[in-house]
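For reference, the structure discussed in these notes is given below.
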Amino acid sequence: MQESAEFGELRRAHRSFAFPLTVAFITWYLVYVLLSNYAGDFMGTKLFGNINVALVLGLGQFLTTFLIAWFYSRHAAAKLDPKSEAIKSRMESGNSGGSGSSGNSGNSGNKEGDA
């Protein structure tokens, strides 16, 4: 199953979405941490009232997290779920035949026991 073309497409669809976003988010997070450590004056710059750059970027981290989760759920529903359902149904139909084979071998065992 893991070597099938369908499964390969499913993995590619997942990886082509997850890996770039993961790299982008980790980069964005590291930039935020580095700015916090080494650009204190910049991060302390007041934008309006008591709101400074650090607060806006920190809240941006939360916003980015929720947006990525939302985008991923949409991507999964549109691209990954249909492919995984197709694989699942193919496997279940194959497993039904497989369990029928197992059942047949079990039945042949019963026939041998009866004989």
### Query
What are the residue pairs meeting all of these: first residue in region 52-79, first residue under 14 Å from residue 18 (Cα atoms), second residue surrounded by 10 or more Cβ atoms within 10 Å (Cβ to Cβ) and not β-branched (Val, Ile, Thr), Cβ atoms under 6 Å, and 6 or more apart or on different chains?
68/21; 75/17; 79/13
### Query
Looking only at residues in region 12-71 that are out of contact with any strand residue (DSSP E or B) (no Cβ under 7 Å at 6 or more places or on another chain) and among the charged types (D, E, K, R), which one is farthest from residue 84 (Cα to Cα)?
41
### Query
Could we say that residue 88 is in contact with a strand residue (DSSP E or B) (Cβ under 8 Å, 6 or more places away or on another chain) and open to solvent by 70 Å² or more (accessible area, probe 1.4 Å) here?
no
### Query
Is there any pair with a first residue in region 1-24 that is among the aromatic types (Phe, Trp, Tyr) and a second that is modelled with pLDDT under 80 and assigned to a helix (DSSP H, G or I) whose Cβ atoms are under 8 Å apart and which are 6 or more apart or on different chains, and what are they?
7/87
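The values are calculated or read from the model by the stated rules, or taken from the named source; none is laboratory data. Remember, it's a predicted structure, so these values are computed and weren't measured experimentally. As a convention, Cβ positions derive from the backbone with ideal geometry for all residues, glycine included, and neighbour counts pool all protein chains shown. Note: areas computed on protein heavy atoms with side chains; ligands, DNA, RNA excluded. Shrake-Rupley method; radii C 1.70, N 1.55, O 1.52, S 1.80 Å.
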